[in-house]
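The block underneath contains the structure these notes are about, expressed in structure tokens.
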Amino acid sequence: MMLGYELDLALRSFRRNKVLTLLMVLAIALGIGAAMTTLTVYTILAADPLPGRSDRLYIVHLDPYEAADYVPGEEPTDQLTRYDAEALLREKRADRQALMTGGFVAIQPEQSSLQPFRTEARFTSADFFAMFGTPFASGGGWSAADDEARARVAVISQALARKLFGAADAIGRVVRMGGADFRIVGVMAPWRPVPHFYDLYFGKYAEAENVFVPFSTSRDLKLERMGTLNCWGRQRSKDLTSLEASCVWMQYWVQLDSADKVAAYRRYLDDYSAQQKAAGRYERPPNTRLYDVMQYLRVQEVVPEDVRLQVWLAFGFLGVCLLNTVGLLLAKCLRRSPEIGVRRALGASRRRIFLQFLVEAGVIGLAGGALGLVVTLLGLWGVRHNGEAFASLASLDLAMLGTNFAIALAASLAAGLLPAWRACEVTPALQLKSQ
Amino acid sequence: MEVRPILSTLRRHKTAAALMVLEIAVTCAILCNAVFLIADRIERVTFPSGVAEHELVQIQLGNIASRDDEKARIARDLELLRRVPGVKSVALINQVPFGNLSRGGGVNLTPDQPKSTLNAALWDIDERFFETTGVRLVAGRPFAADEYRDFNDVFATGEMPQVPVVIVTRRAAEKLFPGQDPLGKTVYIWTTPSRIVGVVDELARPNNLVRQPYSVLMPTRLTVGSGYFLLRTEAAQRDAVRIAAVDALMSADRERVVVRQGNLDDVRKTYFRQDAAMAWLLAAVCVALLVVTALGIVGLASFWVQQRTATIGIRRALGATRAQIVRYFQTENFLLTSAGIVLGIAGALAINLVVMAHYELPRLPWIYLPIGAVALWLLGQLAVLGPALRAAALPPAAVMRLR
């Protein structure tokens, strides 16, 4: 399409009203910048932590609480007792399964130049790595036999391996943690699922832990756990993390590869609950849930309220900026009625007039989009420096860059529609007469 | 001022006028809610802690491996800390205000209540707590010396914990026993009775401040290693005291690591960082909204002035004063803005209803509506002043010649 002439006309019109054009571009840029900044943050925070895998991974909820305050149909707690987690793990009814909890370990480095320090740890079982597809720089996870043997084996992050052993291969080396010697069997390549879906109590956007050790071993050594622990009932144990304690504090994930298996597993959980009730351990009727990763994140409302509120606010602001642009474009084009009259009298079709004003709006939109990109980058820079757990994740990718320009162009073309339509409605005869 | 000619002019510019009304309406709707949100955040950020925040240092240690001699070590550590120069008083507690990690429990009025009356942060305090933190007792008495017991003797027995006496915060007392004297009343935390012997003014819990801003103090001094040492000192000496204290603790025993150290001002700052950032962001959006809307009004009014040059000339030639021309545009703007404000207030209430349904926010107090309205009226009048003055400055003769 020949838009050269329209472009030329648009540029002439901008030159005649420099300040006004600049204002329109600035308004669109601010609106786009605000909308894109918030949308980028939202997209990152609401993302699928394990694309391609997450629809086969399910978190198990059971309901071991007292009957007294039971409301039928209410959501059961999303953590398990240690008893239930270990029982489900023993029965191994899913394609893969892992129990887990978060915690800390204190590490005493061999070299005297490094002070003892504490780092985040995950106490879990063998399938964790294969189930979540964690990448390994070298070595691998431990086996179910290690879990049973309470083996002192550990998987550590590459960052921790470098800190402790420099460039040398860490596999087979020994690291002293929690006062015991652990043999390193795997070094995990950088891995950060966002959100930290497998244990939201450890921080919804926490980084993956630096140390992974068998849960059984962690109980042997009484390693420090961390997360939410809820207890109930009239019995109280000396140790709230013991097998018989009425406290929930563990996460339990399973991998189920087909819909049939999911259905079968649901039945299994209900049967398990019924058995526990029959045995007198549970008081409530079976009240189980099996959520896949994205369902779980939705139910738990992981994306911070503020972030969602910010998206609405920014798009509201963009709306005001657009209304502003429509108003100004309209006023501007109505004032140019005489000019339109002349063009129409000289043979320009309505289509060409329409096009002329749409091109003008489009150019403003593109300029606004380009400047809006700068505003977005500034905005994201601001987000990165606000100190949130997810702050470091805020950056623009190519898809968002495209979205940026698409929104800018679509918005300004939409803003240009009404003025352009009004422009081509101009009656040439009337305008020429009033000259 | 005659309104009819203005209305008849506006009727000829329906679309542009409607757009302006709409812009003002959306701005007004967002503005009212945003200002309300800002006020809400400011209230959160300034939540009182109840402790002498500027004079406190916190230190938390972690063991490298689990050990059995905790009680003796804690007694020695406290003694070491009391000897650090500049330290006025030292206490060991299980959590700090705004510290994020908390021990909580349901507080009930009967032993077998299905749903708790409230959830409170449970504070394990020692004999030096009040003197160190500066928490103010407003009714009743502090714990007596013989009421303090070791944490493990209360909570690690395998039996339901028995805490015969507790002190509650004023907020908790009002929630538990509205309009009554809480002193001497009994509450149940672990299905066992506890008598309220005192009420403190305030003690902000480490988290969950919005939903459950309640605290219960228990005379159960910590004998396990995960507590926070709180050191009271002069504000200016906090850093020096912290460094000396950590040094003293670590020199005495290297089989541990420092988990946290800092002053309570920083703890508050970290806890409320997101709220503060959100308040600033909202304020920035408000300013940007007002600027954009003002520019829109200036732009549109300027065009109208240009478009009506002839009309203005005729009016001036027929004897209208400059002041009357200015007032014409001001009245026009007032009418448009008012229409926008009416729509905007309806919009503000609608947005508030939606926000209330999805977020933890109270109903928009009516006071924010006039705030938004006045802001926009002022903004409109200011924005239109420039173009109106320019219109009034047009010399009638020159304008007439244009015809």
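Each value in this text was obtained by applying a stated rule to the coordinates, not by laboratory testing. Given the structure is predicted, the values throughout are model-derived calculations rather than measurements. Glycine gets a Cβ as well: all are built from the backbone with ideal geometry, and neighbour counts include every protein chain shown.
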Fill in: Antiparallel bridge percentage (DSSP; both residues within the protein assembly as shown; nearest 5)
75 percent
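Based on the Cβ-Cβ distance of B:Ala397 and B:Val291, what FRET efficiency does E = 1/(1 + (r/R0)^6) give at R0 = 41 Å, to the nearest 0.05? Before the final figure, lay out the partial values.
Details: r = 37 Å, r/R0 = 0.91.
Approximately 0.65, to the nearest 0.05.
Could you work out the relative contact order of segment A:54-299, using alpha carbon pairs under 8 angstrom and six or more residues apart, expressed as a whole percent?
Across segment A:54-299, relative contact order equals 34 percent.
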Practice prompt. Go ahead and run the numbers for FRET between A:Leu378 and A:Thr427, Cβ-Cβ distance against an R0 of 45 Å, rounding to 0.05.
Written response: 0.45
Discussion item. Rounded to the nearest 20 debye, what is the charge dipole size of chain A about its Cα centre when +1 sits on each Lys and Arg Cβ and -1 on each Asp and Glu Cβ?
Written reply: 2040 debye
Discussion item. Springs between alpha-carbon pairs under 10 angstrom, Gaussian network model over chain A: which of A:Asn324, A:Asn287, A:Asn17 fluctuates most?
Written reply: A:Asn17
Worksheet item: Computed FRET efficiency, Cβ-Cβ of B:Thr270 and A:Ala264, R0 60 Å: what is it to the nearest 0.05?
Response: 0.80
Fill in: Over 22 Å between alpha carbons, listed pairs A:Lys204/A:Lys277; A:Lys238/A:Lys277; A:Lys204/B:Lys269; A:Lys163/A:Lys204; B:Lys88/B:Lys269; A:Lys222/B:Lys71
A:Lys204/A:Lys277; A:Lys238/A:Lys277; A:Lys163/A:Lys204; B:Lys88/B:Lys269
Fill in: For peptides A:37-49, B:156-168, A:21-33, sequence by mean Cβ density within 10 Å, most packed first
A:21-33, A:37-49, B:156-168
Worksheet, complete the sentence: One computes Rg over Rh for segment A:54-299 from alpha-carbon atoms, with the Kirkwood Rh, and obtains 0.98
Practice prompt. Assign unit charges at the C-beta atoms only (+1 for Lys and Arg, -1 for Asp and Glu), then state the dipole size of the protein assembly as shown relative to its Cα centre in Debye, rounded to the nearest 20.
Written response: 4620 debye
Response to the item:
Counting other chain Cβ atoms within 10 Å of each Cβ in A:312-322 and taking the mean gives 6
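Which shape class, rounded, prolate or oblate, goes with segment B:66-254 when its Cα gyration tensor gives a ≥ b ≥ c as root eigenvalues, a/c under 1.5 marks rounded, and past that a/b bigger than b/c marks prolate?
prolate
Counting only C-alpha contacts under 8 Å and six or more residues apart, can you give the relative contact order of chain B as a whole percent?
29 percent
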Worksheet entry | Nitroxide proxy distance, nm - points 7 Å out along Cα→Cβ at A:Leu346 and A:Ala137 | 6.9 nm
Fill in: Signed unit charges on C-beta, dipole axis of segment A:145-201, positive-most listed residue A:Ser157, A:Ala167, A:Pro195
A:Ala167
Worksheet entry | Exposure proxy ranking, count of Cβ atoms within 10 Å, fewest first, for B:Arg76, B:Arg315 | B:Arg76, B:Arg315
Item to complete: Pull out a ≥ b ≥ c, the square roots of the eigenvalues of the alpha-carbon gyration tensor of segment B:42-97, then state rounded if a/c is under 1.5, prolate if not and a/b is larger than b/c, and oblate in the remaining case.
Response: oblate
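With an 8 Å cut-off on Cα pairs and a minimum separation of 6 or more residues, tell me the relative contact order of chain A in percent. Mind dumping the intermediate values first?
Working: 739 pairs, mean separation 120.3, N = 435.
Reported relative contact order: 28 percent.
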Item to complete: Enumerate the aspartates and glutamates that A:Lys433 could reach by cross-link, defined here as Cα to Cα under 17 Å, with residues fewer than 8 away along the same chain left out.
Response: A:Glu339, A:Glu425
Fill in: Peptides A:71-82, B:27-38 ordered by average Cβ neighbours within 10 Å, highest first
B:27-38, A:71-82
Worksheet entry | Farthest positive-ward along the protein assembly as shown dipole, Cα basis, beta-carbon charges - from A:Pro304, A:Thr37, A:Phe215 | A:Thr37
Worksheet entry | Alpha carbon centroid spacing (whole Å) that separates segment A:141-205 from segment A:330-363 | 68 Å
Worksheet, complete the sentence: Given unit charges at Cβ for Lys, Arg (+) and Asp, Glu (-), the dipole magnitude of segment B:66-254 about its Cα centre in debye, nearest 20, is 480 debye
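Do the sum for chain B: with -39,500 (n - 2.57) for every DSSP H run of n ≥ 4, divided by all residues, what is the mean residue ellipticity at 222 nm, to the nearest 500 deg cm²/dmol?
After summing the helix terms and dividing by residue count, I get -17000 deg cm²/dmol.
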Item to complete: Choose one answer from B:Asp275, B:Asp126, B:Asp150: the residue with the largest mean-square fluctuation in a GNM of chain B with alpha-carbon springs under 10 Å.
Response: B:Asp150
Discussion item. How shielded is B:152-165 by partner chains, expressed as the average number of their Cβ atoms within 10 Å of its Cβ atoms?
Written reply: 2
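Add -39500 (n - 2.57) for each DSSP H run of 4 or more in chain A, then divide by its residues: what number comes out at 222 nm, to the nearest 500 deg cm²/dmol?
On the way: 14 runs with 211 residues, N = 435.
Value at 222 nm, helices only, nearest 500: -16000 deg cm²/dmol.
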Worksheet, complete the sentence: By the rule of another cysteine's Cβ lying under 4.7 Å, the cysteines of the protein assembly as shown that fail to get a partner are A:Cys321, A:Cys333, A:Cys424, B:Cys28, B:Cys32, B:Cys286
Fill in: Gyration tensor (alpha-carbon) shape descriptor, the protein assembly as shown, a/c threshold 1.5
prolate
Item to complete: Could you work out the mean count of beta carbons from other protein chains within 10 Å of each residue's beta carbon in B:66-75?
Response: 1
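Under the 0.36 nm per residue contour assumption, what length would be gained going from the current alpha-carbon distance of B:Asp112 and B:Ala357 to full extension?
Contour length minus Cα-Cα distance gives 84.9 nm.
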Practice prompt. For B:Lys175, go through the lysines and keep the ones whose alpha-carbon is under 17 Å away, minus same-chain ones fewer than eight residues off.
Written response: B:Lys115, B:Lys185
Worksheet item: So, in nm, how far is label B:Arg136 from label B:Arg211 when the simple model puts each one 7 Å beyond its Cα toward the Cβ?
Response: 3.1 nm
Discussion item. If I build a Gaussian network model for chain B, linking alpha-carbon pairs within less than 10 angstrom, which residue out of B:Arg195, B:Arg149, B:Arg12 has the largest mean-square fluctuation?
Written reply: B:Arg12
Worksheet, complete the sentence: Each label sits 7 Å from Cα toward the beta-carbon; between B:Ile42 and A:Gln111 the label points are separated, in nm, by 5.3 nm
